[in-house]
Amino acid sequence: MKQRKNFSYAKYGYIFCIPFILAFLIFSFYPLYYTVSISISDRQGVPLPGREYGIQTRALFDEEKIPVYDDNGNPLYDEDGARVYDITRTPILDEDGNQIIKIAPLENFRTVLNTEMFKRAFATTFRLWIVNFIPQILLAIILAAWFTSRWTKIKGQGVFKVLFYMPNIITAGTIAVLFSTLFLFPTGVVNDALIRWGILETPKNFRVDANATRLIVSFIQFWMWYGYTMLILISGILGLNPQMYESADIDGAGAVKQFFFITLPNLRTILIFTFVTSLIGGLNMFDIPMLYAGGGPGGATRTTSMFIYNQAFAGAYRYNTASAASVLMFLIIAALSAVIFVIMRDKDEARLKKLKKAEARAIKQAAKAVN
Amino acid sequence: MTETKAKKTFRIGFKVVIYIVCIILGIMSILPFIIMFVNATRSSVQIQQQALSLVPSNFLADNMRALSRGRTFNAIVGFRNSMIISSGATICATYFSCLTAYALTAYDWRFRKSVFTFIVAVMMIPGQLSAIGFVQFMYNINMVNNFLPFILPAIAAPPIVFFMRQYLLSTFSLDIVNAARIDGSHEFRTFNFIVLPMMKPAIAMQAIFVFVGTWNQLLMPMILLTDVRLYTMPIMVRQLSGNLYNTNFGSVYLGLSMSVLPLFIVYFSLSKYIIAGVQLGGVKE
């Protein structure tokens, strides 16, 4: 009876899923499909209303550089001191004014991969991520071990957790502008403090030092994210089976030994999760480098996301190469995630699975043979 | 368990080290914001003479005036626009995620499993991948300078559906729904008036994250909102860095403070739930 009743209600399952599926198809799937299709075409974007005046400040290809002059006939320079070029290309239009789109499957990918600026942006992004991720995961593991240790029993954990996680919830844009204000030259807070404490003689211009700027961007990322990583690891540790620790106590294993031989190995899944999510977020880094330094000095903090943004929306409207760069970044991130997964997964378990599969296959074959 | 004296001293010393490290990290988290709030009350001349100070001054009103002279930064407009977008997205994301999760748990239909697998799979795709297609699509359907491109996509929020499904699986029983059916309640009505109220704790937790996440968005609003009157708070903050060149430091700090204040209020009044929410998110994987 109950079975039949459920059956008659099944259509509501479909009906209630319709909004989700529609919104997904319209706002996620179609744009994704559209991006991929743009990446294999020569489609250029059009300036959005209100942005028609844009001129591209940084040229991508040497042969296309058309210098831009101001009203007095002097060459124009951007904030990094680089010459400004106009590389807006007029798309080919048909009689109705629509752009004629040609399809060239690999051309944009080849263009992007041959672009020095993209390669440099990728190296920069990776560097910014790794320099913030390694100290972040180490600190998070140490803090998580301290906070969950039965040996030390730290009080006031709630307050510390709230404080450590706080920067993560504040608008990244605000934090970037705040830090660029704090690191201002010559009268910023950091310069003021360093001079007063006698660390510096004269104010240092952090903005023109490529290494300092990169380090500060990585520090901001680290500062925003270690609290989050710590919370994830703590919940992972608390989710472990307490019996393991009890038996370790009986065996006489100390706190340090328990951490290295029980906690860390059993935390593997959570560590993979943190690693992969941090990789995805880190290689898509945009807000902090964009608003802290605008990619400067001289492109030292230009990430791939900023490269894509500059390509597509900062005057040139090269949607085709920008889309190709997005797709490339996705493929790279997916491949790196897969590598992390393969390296970090439980090798014994994988071997066991393989064995089981082989066994099942053997049984099947045996059954077939008998039949 | 007995402990030797040496061991005990070692443990206490170790604890002291831990507390010192934690206190330093805590100060590191909060200090930039304290400096920001303090400097928002000081004049640009004071800041230039001594940028690092923990003593508030009385130039708040002056800074406010200097800030409102700027053409693009308008805290009230930014606040209103961010509020509309974030509330709209939060309502869409929580309501429709609950509805989808309910469809995935309460009803037995043919593609239930495949739809769920699909939702888990698309959770992994970063949104930035489709940014260009999204912008071009919005341009084609005349959605530039409109809030809907930031609100409607929230209807399909795979991670929230995932969370809501877990919540329903652990707390929900079909008996209540069956009772409502016997009383003649329509399925949609049952969901709105019986199931939805039961999901309040989960909704509250996810609502905070959707709200803050939408509030903090920069890239898409920056591209799709070209009209100054529609700027959200983060875009306004971006304009602030222009004030740095005019050495209007007090007003920059004030503008930043105004953009942080709403988030501070939300965070410190709901911190318990937020921390719990983050930790729950970790367990689900």
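The values are calculated or read from the model by the stated rules, or taken from the named source; none is laboratory data. In this text the structure is predicted, and so the values were computed from the model without any measurement. Cβ sites come from the backbone with ideal geometry, for glycine too, and all protein chains shown count toward neighbours. Ligands, DNA and RNA are stripped out before the accessible areas are found, and what is left, the full protein with its side chains, is counted by its heavy atoms. Shrake-Rupley method; radii C 1.70, N 1.55, O 1.52, S 1.80 Å.
The trypsin sites (Lys or Arg not before Pro) of the stretch B:1-56 include none that meets both criteria, a DSSP state outside H, G, I, E and B (loop) and at most 10 other C-beta atoms within 10 angstrom of the site's C-beta. Amide H contacts of A:SER41 (H built 1.01 Å from N, in plane; Pro and chain starts excluded): A:ALA104 sit under 5 Å, all sequence-distant by 5 or more or on other chains. Rounded to the nearest 10 degrees, the angle from helix B:158-171 to the longest Cα principal axis of chain B is 60 degrees. Our analysis of chain B gives Rg over Rh at 1.08, with the two radii drawn from alpha carbon positions and Rh computed by the Kirkwood formula. If you wrap the tightest convex hull around every Cα atom of the stretch B:154-285 and split its volume per residue, you get 158 Å³. By how many degrees, 0 to 90 and rounded to 10, does the Cα axis of helix B:75-106 deviate from the longest principal axis of chain B? The answer is roughly 20 degrees. Dipole check for the stretch A:207-323: with +1 at the C-beta of Lys and Arg, -1 at the C-beta of Asp and Glu, and the Cα centre as origin, the magnitude is about 540 Debye.
Structure remark: mean-square fluctuation, Gaussian network model of chain B, C-alpha springs under 10 Å; the largest value among B:ASN145, B:ASN58, B:ASN39 belongs to B:ASN58.
Over the protein assembly as shown, with every protein chain in place, what whole percent of the accessible area is carbon and sulfur at 1.4 Å, could you tell me? The C+S portion of the solvent-accessible surface of the protein assembly as shown is 64 percent. In terms of the Cα gyration tensor, with a ≥ b ≥ c the square roots of its eigenvalues, is the stretch B:83-167 rounded because a/c is under 1.5, prolate because a/b exceeds b/c, or oblate? Cα axes put the stretch B:83-167 in the prolate bin. Hydrodynamic analysis of the stretch B:1-113 uses the Kirkwood radius over alpha carbon pairs. Inserted into Stokes-Einstein at 4 °C and 1.567 mPa s, it gives a translational diffusion coefficient of 63 µm²/s.
Charges were assigned to the Cβ only: +1 to each Lys and Arg, -1 to each Asp and Glu. The resulting dipole of the stretch A:117-357 about its Cα centre is roughly 600 debye. Ordering B:LEU174, A:GLY73, B:ILE265 by Cα displacement along the dipole of the protein assembly as shown toward the positive end leaves B:LEU174 in first place; charges were set at the Cβ atoms of Lys, Arg (+1) and Asp, Glu (-1). Divided by 2.2 N^0.38 Å, where N counts the residues, the Cα radius of gyration of the stretch B:5-60 comes to 1.82. When the listed pairs A:LYS347/B:LYS15; A:LYS155/A:LYS347; A:LYS353/B:LYS200; B:LYS113/B:LYS200; A:LYS368/B:LYS113 are checked against a 32 Å cut-off, the alpha-carbon distance exceeds it for A:LYS347/B:LYS15; A:LYS155/A:LYS347; A:LYS353/B:LYS200.
Ordering A:VAL190, A:GLY158, A:ILE216 by the projection of their Cα atoms onto the charge dipole of the stretch A:117-357, which places +1 on the Cβ of Lys and Arg and -1 on the Cβ of Asp and Glu, puts A:ILE216 at the extreme positive end. Computed about its Cα centre, the charge dipole of the stretch B:70-246 is approximately 200 debye, with only Lys, Arg, Asp and Glu carrying charge at their Cβ. Taking the charge dipole of chain B about its Cα centre, with +1 at Lys and Arg Cβ atoms and -1 at Asp and Glu Cβ atoms, the residue from B:ALA157, B:ILE141, B:ALA6 reaching farthest to the positive side is B:ALA6. In chain B, the longest principal axis of the Cα atoms and the axis of helix B:200-216 are about 40 degrees apart.
Residues considered: B:ASN192, B:ASN74, B:ASN146. Largest GNM mean-square fluctuation over chain B, using C-alpha springs under 10 Å, is found at B:ASN192. Start at zero, step by 20 Å, and the Cα-Cα distances of the protein assembly as shown spread as 15, 46, 31, 6, 0 percent across the bins.
Its relative contact order, with pairs defined as Cα atoms under 8 Å and 6+ residues apart, puts chain B at 32 percent. Over the stretch A:236-371, Cα pairs under 8 Å with separation of 6+ residues give a relative contact order of 20 percent. Cross-linked pairs A:LYS153/A:LYS257; A:LYS161/A:LYS204; A:LYS257/B:LYS5: Cα-Cα separations exceed 24 Å for A:LYS161/A:LYS204.
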